[in-house]
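Below you'll find the structure, written out as structure tokens, and then a few comments.
The values are calculated or read from the model by the stated rules, or taken from the named source; none is laboratory data. Every value quoted in this text rests on a predicted model; they were computed, and no experiment measured them. Note that we place each Cβ from the backbone using ideal geometry, even for glycine, and neighbour counts take in every protein chain shown.
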């Protein structure tokens, strides 16, 4: 999934696209989603990067692997409040589904 395919789209579109990508790609999608989360981390990130990071954190919560749990744990300590809360929520939901 390329970043240009998500630019300028609504949050719900990004969320649906990344969740579909996670469902189809599973472990191969983890690295791409991690990159989106890493790019959206920080105080001064733009709205576009923040929305993509939040959508990626939601999608990553659907992949049950050690790597995705570790990435979400790091996201839960993010400097970006919206990303931090979403990563925490994804971890809780992942735990409840187990």
### Message
With the requirement that a residue be surrounded by 19 or more Cβ atoms within 10 Å (Cβ to Cβ) and either part of a helix (DSSP H, G or I) or at pLDDT 95 or above (or both), what does the range 76-90 give you?
### Response
83, 86, 87, 90
### Task
Inspect the range 85-96 for any residue being within 10 Å of the chain's Cα centre (by Cα) and over 15 Å from residue 30 (Cα atoms) and give the result as yes or no.
yes
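State whether one or more residues within the range 15-30 are in a loop (DSSP other than H, G, I, E, B), touching a helix residue (DSSP H, G or I) at 6+ places or on another chain (Cβ under 9 Å) and either surrounded by 14 or more Cβ atoms within 10 Å (Cβ to Cβ) or in contact (Cβ under 8 Å) with a residue 24 or more places away in the chain (or both). Show your work before the answer.
First, the residues of the range 15-30 that are in a loop (DSSP other than H, G, I, E, B): none.
Looking through the range 15-30, none of the residues is in a loop (DSSP other than H, G, I, E, B), touching a helix residue (DSSP H, G or I) at 6+ places or on another chain (Cβ under 9 Å) and either surrounded by 14 or more Cβ atoms within 10 Å (Cβ to Cβ) or in contact (Cβ under 8 Å) with a residue 24 or more places away in the chain (or both).
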### Message
Here is a list: 12, 7, 50. Which entry is in a loop (DSSP other than H, G, I, E, B) and either farther than 21 Å from residue 97 by Cα or over 13 Å from the mean Cα position of the chain (by Cα) (or both)?
### Response
7
### Task
Go through (1) in a helix (DSSP H, G or I); (2) in contact (Cβ under 8 Å) with a residue 24 or more places away in the chain; (3) in contact with a helix residue (DSSP H, G or I) (Cβ under 9 Å, 6 or more places away or on another chain) one by one and return the number of the condition residue 73 breaks.
(2)
